[in-house]
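Okay, structure first, notes after.
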Amino acid sequence: MLASIGLIAFAMLAAVPLAARLDQRAGWLLALAPLGAFIHFLTQMPTVAGGGVIESTLAWVPALGVELAFRLDGLSLLFALLITGIGTLIVLYAGAYLSEHHHLGRFYAYLLGFMAAMLGLVLADDLIAMFVFWELTSVTSFLLIAFQHDKAESRRSALQALLITGGGGLALLAGLILLGNVGGSWQFSGLSAQAIADHALYPAILVLVLIGAFTKSAQLPFHLWLPNAMAAPTPVSAYLHSATMVKAGVYLLARLNPALGGSTSWGTILITVGAATALVGAVLAIRQTDLKRVLAYTTVTVLGQLTMLLGTNTHYGLQAFAIYLVAHAFYKAALFMAVGSIDHATGTRQIALLGGLIRHMPLTGFAVALAAFSNAGLPPFFGFIAKEFKYAGLIELGLAGWVTTAVMILTNALLLTAAGLVFVRAFLGREGRYPHPPHEVGVPMWIGPMLLAIGGFVFGAFNNLAEVWLIDAAVQAVSRATVPVSLYLWGGFTPALLASLLTVALGVSFYLQRTRLRRRLSLWRVLWRVSGDRIWDRLLKRVFAFATRVADRFQHGSLRQHISALVLAIAGFALIGLFASTGEDLAWPAVSSPVNLAALLGCVLAVAGAAAAAVTPGRVALVATLGASGLGMAMFFLAARAPDVAITQLMVETLTVIFLALVLRRLPPTRLVGSRKPAAKRFHAVVAIVIGAVVAAMMLMTVSQPLPGEIARWYLDNSLPGGQGANVVNVILVDFRALDTLGEILVVGLAGLAAAGLLAGGRREDEAAPGAGATEGSADFGSVLLRQGILPLSALLALVALMLLWRGHNLPGGGFIGGLVAASAAVLVALAFGTTRARALLRVPPLAMLAGGLGIAAVAGLVGLFHGEPFLTGNWIFPAGLPLGTPLLFDVGVFLTVLGAVLHMLLGLLEREA
Amino acid sequence: MNALIVSPLLIPLATLVATLLVRRDPRAVAAISLAGALALTAAGLVLVGLAAQGQILASQAGGWAAPYGITLVVDRLSAAMVAITGIVGSATIVFAMARDEDPARCRDFHPLVHGLLVGVCGAFITGDVFNLYVWFEVLLVGSFALLVLGGGRRRLSGTVVYVVLNLVATMMFLLAAGMLYGASGSLNMALLAQAFAAGEVPATAHAAVVLMLTAFSIKAALFPVFGWLPASYHVAWTPVSALFAGLLTKVGVYALIRIVTLFWPDAGIAHEVLLWVACATMLIGVLGAAAQVEVRRILSFHIVSQVGYMILGLAIATPLALAGAVFYLIHHIVVKANLFFIGGIAARLTGSERLAAMGGLYARAPWLALLFAIPALSLAGIPPLSGFWAKFVLVKASLDASAWIAAGVALLTGIFTLLSMSKIWNEAFLKPHPAGTAGMRSTAGLRPALWAVTALAAMTVAIGLAAGPVMDYAVAAAEQLAAPAAYIDAVVRAGGH
Amino acid sequence: MEILVSLTVGALVAIGIWMMLDRGLLRVVLGVVVLGNGVNLAVFSAGRLDGRAAAFVTEAGAPALAANPLPQALVLTAIVIGFALFVFALAVLKRSWELHGKVETDLVTAVAEEPAPDLPPQGDKA
């Protein structure tokens, strides 16, 4: 079983290279794959007909209980034979039909891919594996419908089919998952019908599974994709959209009939939907002017009837199901292929233009005649038996059955009319008006229809053959209990025969009155509007319009709207968090430290400066107020006994002002403050106040409780003995939590790298010649005296920086602060003497310094690794009692990175400004 | 072992330094960069190999015991994330070797990518809240720099939005980290988890965690705070946007998963909220995508929608659901990066990334069509590709947990995803090029890009067909997440002074 | 003191956000600084404000009322990171002024929502 799928899949892979070399002759070779599989399945017939099943299983996703379990029983075998048998003929046919097409290889690949998927679908016993193949048939069908991809109609139809069957597939997935959970097994053969029927989820499972099956099998109201799918090349229509894929839905219903079919709702839904679909399909069929579309709608009809038959669950109904399935596959595939041949030979499929073709295409005509008889349900063809059993099955149901039978008589009469259109209208009568002169098609194109049409006759005339080898085992697989199967052409004068006679009479009269009939039908405008594509188009348009409305909410391109939304969301979630976690007991401060005057002053200055910056129009004032705010921060930190933080804040503030000053020179004045509209202004104020209030509240609640844990104490106690440093903050930075610092200098380095490129005006470094744009010193520092003063000052600063670096482990300072001070020194030099001089003084390019600093910091961490200790573990030596260790080396790395990054940005900026 | 744990940080860091030092020689930069990314991949795979055996590796940086020193910890999820980061990083670097008309090919690209990778990997392996903040900053500043690479009006405009909104997010993270410390007295995730489980933390610690999760949600691009993503991803240079699309939001997702499973292992109100957020994210994202008419904008909105799936797994919080989230993460990174790559190639061949101005690729570049079809169908959850399993597990987990609406939304999102993907397929591939065959451009110099794309597509197929082992790994990873005791234990045992 | 600090944090955050909602891009960038200051203050204060001595230790041990050193280290890290980010933001501001010729926030950010431009015609090099 698996080998047969594999064989076809292999042929799929080989299709493109083969077709590239052999053109349409590749078809003969490729057809061997499905033929081989067909023969394989033929050899399985004795086992299966004898009531046996063949199973094989491969593990797939054990964690989910999904396995590639395959099971060949009567139903699978019936489908497998149809798929591979008709598949062989189609591959042959397609080679001739598309012989001129430059994408023939792709076509074969898709077709064979579909075949493998379809085969997997009907053989799979695992629910999920079946679904996998199910979806694959949808995808390959999409590719095939869109095969003539330069036509907008093809693309639209393909998309429609994909969305409808894909959407149904998703419902099916949910249904299968529930089914597996409820039914106690992930295999069709293991599902417990009792457990499912009794479960509260039964209706949900039923609905979901039915949506999946109905979309795939084009039941009302999902039928509209199928006629549109006729945009595909005819071999595809013949194969996928009549003989096989569309029957996947019906197959699934049949497969699940034993597990799900016991309820009244099953029967009611299936019969109602099936019968309605059949009738609508038949009515729509005879309205068509294109022969292929006629066939497409009759396929809808047949799918409806098959669904309906499964719903009856009567002995005759289930037999009729199996018989009709085969009969239809035979004659419909034959008719489709023949229509394709007509199209191929005459250049048209328009009924009005056809006539008298039997003279030009006798072989095709003969095949069509046989197929059309079977289609029309005339004895002794297989289609006749199907129709007889169908009526018998319905009548078994009682009153509801009689009503349905009446509908079916009408439907089947219309089908007969359609069959008449195909054969009588096209092949008999007067000569048609053809775009080019008709001719008989080649062997690969008539052999398929011929064999299938003869098959329909043989199975009808020698129905014992079909009964024993195929139908019996299939019916047993579908039914909930054993069904006695016995096929016959003549069953005596039964109500079914009466219905049959009525059908033929009605059908013939319909055909004779077809012009008037069609005129009558076209009066029912409303109906065509409802069943047409318009709803689909309108639906899609609505969906897209809605989607656009949603997208516009987020694609306004306004940063301020983005910020407002973001901030409000943050405040909202924070509030939820606050209330959800603290509930009612919002505690009032339990801890309250006395107010420190310097800290108070710092706070006031920080807020006042910021507030002023928020409303100040001028650039200079803006920088000044912001600086004041930063100063306030530093003051607070100092008052809170955090000298390192305070110094860092001050140095950062200094450099911030320098950068601002340099950049602002080139920016236009910022006279305007806030928003233009007062309403927006108010809204923004509300946003700001809300987030401020929420943060303040969270903050207050956090700090007004005592701080749990002893971590702070531990750091204080272990700094000197463990980290060899008296400055606990610095020891944390370079030792206890040095990994943070490593990340931090990386941030500084990356920001330096990135900002430098932007500040230098997006200039590509490799484009600028070395030295280009180098400055000769700023005019503001023009005084010689000043310059003379700056050099020693810078030297002093550099010295201070080194000192800060060195002593930082024990006193305020460290790599950061040192690096920032050193950067300031270099900035002074660059401003006074120009960047050329500054670069010369530095000797090392800033970028190399940056990279080197990062490297040194990392290497300092590696030392520990070499000793088998974790990364960044401190290693100390004590030459002459002086503690030297890797944390100090790490701090040097920090120093260099900070210095390198700041200089890289600043020098680039200055050179650009020059 | 200590070296192995820290290798995801050190390898890209060393590569960054080396590429900076040899920057005069572009070939050397590219070679070192690729070697570094491959080494990172190798390290990640070794970690996966170790983690697969159920070990949780932990190391205390500096040799200081938790909570004083910083914990580095690698469990199954972390290991997988590091490996996948290496893979996507390598693919990006290979892709960037292709010839391109974009002026972004400057020397800074390679060092910046590795800087970003340090941040990403750091976020995946750290076990310390503040350290996580630092790595977030590293990847953030790396992403700023990469986003703006090459300049141009549009790119700069997108960068402004990206930078400002992400800065707000990162400030909130910092605030939350500070408050969490202020409330609980610790920054170590494992020990905090212990304290949370024992009920030893004040209520405000929970509030701080909520604020922190909000910050992660911004990073992960969840509804309603995803606005920055579709406003900026489409302006970057192709390899950059692919790298972002693959990795960045997933760091946020990872952080959400890590924090929620550690601090709130049992389903509660947070999970309830997350469930609604996840549903809204899936739907809004996919609807937003349906409205787009440019390839990368479609894909960007889909990132949002798919992050919703992952959060769905987190919200449902059963082991199966978490396994779904993990599987989704792994699958999505590969697929999404690849789609951005392919979108870039398609734009390069057709001269535009507006669907209306594209076309003709199916006839002109069938190999590209195949390469697109694989990740696109995977994204839409078509079996047997990787995305199907991801979606299947999550839908199953939702149904098992009786989260009917969530399952419905997840399925509905699937069909819309299929719609978007087939829209790209129909417009860019099937439709003839509006300017005729003359509108198509040369494929010269694209070879490295195709290698990258092919490798990732092969991975997607492999994850789908051999879903068994990957799913086993995801399930085992989810078991570790669902029972954080082992994680905590590993950190405690890591020891130190 | 706790109330004072909390109010200061709230005020700085509110002002920072208000500035980020300004029409001019410059103030947006400066708003980031103010917001950052507020957050830094919060992180610092999370270590409580009961320190009476700086966190320096001697052989004899640490002062009994030493300030909590951990948040200091964290804030120091945050300040430097904030500075790096600020410089980058400033660089973006400068560059967008050069490229767009505008500094009105929404006008600048709206550019990213314009339809994607076509790629330049392929040169001879390809």
Helix A:846-866: inclination vs chain A longest Cα principal axis, degrees, rounded to 10, gives 80 degrees
Expressed as a whole number, the average count of other chain Cβ atoms within 10 Å around the Cβ atoms of A:849-859 is 4
Heavy-atom accessible area of segment A:154-530 with neighbours in place, 1.4 angstrom probe: carbon+sulfur share in percent works out to 68 percent
Ignoring ligands, DNA and RNA, the residues of segment B:141-158 whose accessible area with a 1.4 Å probe is reduced by 50 Å² or more relative to the chain alone are B:V141, B:R153, B:R154, B:L156, B:S157
Full extension between A:D552 and A:S189 adds, at 0.36 nm per residue less the Cα distance, a length in nm of 125.6 nm
The Cα extents of chain C along the principal axes, largest first and rounded to whole Å, are 76, 37, 19
Computed over all unlike Cα pairs, the Kirkwood hydrodynamic radius of chain B in Å stands at 22.3 Å
Output for the protein assembly as shown (equivalent-ellipsoid semi-axes, sqrt of 5λ from the C-alpha gyration tensor, Å, descending) is 71, 33, 27
Karplus-derived 3J(HN,Hα) from phi for segment A:465-475 (6.51 cos²θ - 1.76 cosθ + 1.60, θ = phi - 60°), whole Hz, x at Gly and Pro, runs 4, 5, 4, 5, 8, 10, 5, 4, 4, 5, 5
Here the relative contact order (percent) of chain B, from C-alpha pairs under 8 Å and at least 6 apart, is 18 percent
For chain C, the percent of accessible surface on carbon and sulfur atoms (probe 1.4 angstrom, ligands and nucleic acids excluded) is 62 percent
The size of the Cβ-based charge dipole (Lys, Arg +1; Asp, Glu -1) of segment C:46-126 about the Cα centre, to the nearest 20 debye, is 440 debye
Protection proxy (average C-beta count within 10 Å per residue), highest first, orders A:52-63, B:119-130, A:224-235 as B:119-130, A:224-235, A:52-63
Quick P(r) readout (segment A:258-357; Cα-Cα; 10 Å bins; whole %) gives 16, 37, 27, 14, 6, 0
Expressed in Å to one decimal, the Kirkwood Rh of segment A:728-914 from all distinct alpha-carbon pairs is 17.3 Å
Here the whole-number average of other chain Cβ atoms within 10 Å per Cβ of B:334-345 is 0
The equivalent-ellipsoid semi-axes of segment A:124-272, taken as the square roots of five times the Cα gyration tensor eigenvalues and listed largest first in whole Å, are 30, 14, 12
Sorting A:H199, B:I93, B:Y362 by the position of each Cα along the dipole of the protein assembly as shown (Lys, Arg +1; Asp, Glu -1; all at Cβ), the one nearest the positive end of that ordering is B:Y362
Interface buried area A-C, accessible surface with 1.4 Å probe, both sides summed, nearest 100 Å², comes to 8400 Å²
Once both label points are put 7 Å beyond Cα along the C-beta direction, the A:S592-A:A152 separation in nm becomes 7.6 nm
From the Cα centre of segment A:423-465 to that of segment A:399-420, the distance in Å is 25 Å
In whole Hz, the Karplus estimates of ³J(HN,Hα) for segment A:686-696 (6.51, -1.76, 1.60; θ = phi - 60°; x where Gly or Pro) are 4, 4, 5, 5, 4, 5, x, 5, 4, 5, 4
Heavy-atom accessible surface buried between B and C, both sides counted, 1.4 angstrom probe, nearest 100 Å², is 4000 Å²
For chain B, longest principal axis from Cα atoms; helix B:2-21 axis from its Cα atoms; angle between them, nearest 10 degrees, is 40 degrees
Measuring from the longest principal axis of the C-alpha atoms of chain B, the long axis of helix B:319-350 (C-alpha) lies at a number of degrees, nearest 10, equal to 30 degrees
Under the rule rounded for a/c under 1.5, else prolate if a/b exceeds b/c, else oblate, using alpha carbon gyration tensor axes a ≥ b ≥ c, segment B:383-497 is classed as oblate
Once phi for every residue in segment A:209-222 is put through the Karplus expression 6.51 cos²θ - 1.76 cosθ + 1.60 (θ = phi - 60°), the whole-Hz ³J(HN,Hα) values, with Gly and Pro written as x, are 5, 5, 4, x, 5, 5, 5, 5, 9, 6, 7, 3, x, 9
For the protein assembly as shown, the per residue accessible area (1.4 Å probe, Å²) is 30 Å²
Taking R0 as 60 Å and r as the Cβ-Cβ distance between A:W28 and B:D266, the FRET efficiency 1/(1 + (r/R0)^6), rounded to the nearest 0.05, comes to 0.35
Per its Cα gyration tensor (rounded if a/c is under 1.5, else prolate when a/b beats b/c, else oblate), segment B:405-471 is best filed as oblate
Among C:E114, C:E104, C:E59, the residue with the largest mean-square fluctuation in a Gaussian network model of chain C built from Cα contacts under 10 Å is C:E59
For segment B:112-197, the Kirkwood Rh over every pair of distinct alpha carbons, in Å, works out to 14.1 Å
Residues meeting the amide H criterion for A:Q219 (H placed from the backbone, H to H distance under 5 Å, 5 or more places apart or on another chain) are none
Quick calc, segment B:1-114, dipole around Cα centre from Cβ unit charges on Lys, Arg (+) and Asp, Glu (-), nearest 20 debye, gives 200 debye
So, relative contact order of segment A:154-530 in percent, Cα under 8 Å, 6 or more apart, is 17 percent
Over all viewing directions the Cα convex hull of segment B:1-122 casts an average projected area in nm² of 7.9 nm²
Once accessible area is computed for B alone, A alone and the pair with a 1.4 Å probe, the total buried surface, to the nearest 100 Å², works out to 9600 Å²
Computed on Cα atoms, Rg of segment A:154-530 relative to 2.2 N^0.38 Å comes out at 0.96
Comparing C:G82, C:G38, C:G61 in a Gaussian network model of chain C (Cα, 10 Å), the one with the largest mean-square fluctuation is C:G61
Counting only residues 5 or more apart in sequence or on a different chain, those whose built amide H sits under 5 Å from that of A:W60 are A:L68
Expected integer from the mean partner chain Cβ neighbour count at 10 Å over A:616-624 is 1
log10 I(q)/I(0) for segment B:314-437, Debye formula on C-alpha points only (no solvent), q = 0.12, 0.15, 0.20 Å⁻¹, two decimals, reads -0.50, -0.70, -1.00
Long-range alpha-carbon pairs in chain A, meaning those over 41 Å apart, account in percent for 57 percent
In terms of the charge dipole of the protein assembly as shown, which places +1 on Lys and Arg and -1 on Asp and Glu at the beta carbon, the residue among B:L156, A:F554, A:I286 farthest towards the positive end is A:I286
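The values are calculated or read from the model by the stated rules, or taken from the named source; none is laboratory data. What you see is a predicted model, and the numbers here were worked out from it, not measured in a lab. Every residue, glycine as well, gets a Cβ built from its backbone with ideal geometry; the counts of neighbours run over all protein chains shown. All accessible areas refer to the heavy atoms of the entire protein, side chains included, with ligands and DNA or RNA removed. Shrake-Rupley method; radii C 1.70, N 1.55, O 1.52, S 1.80 Å.
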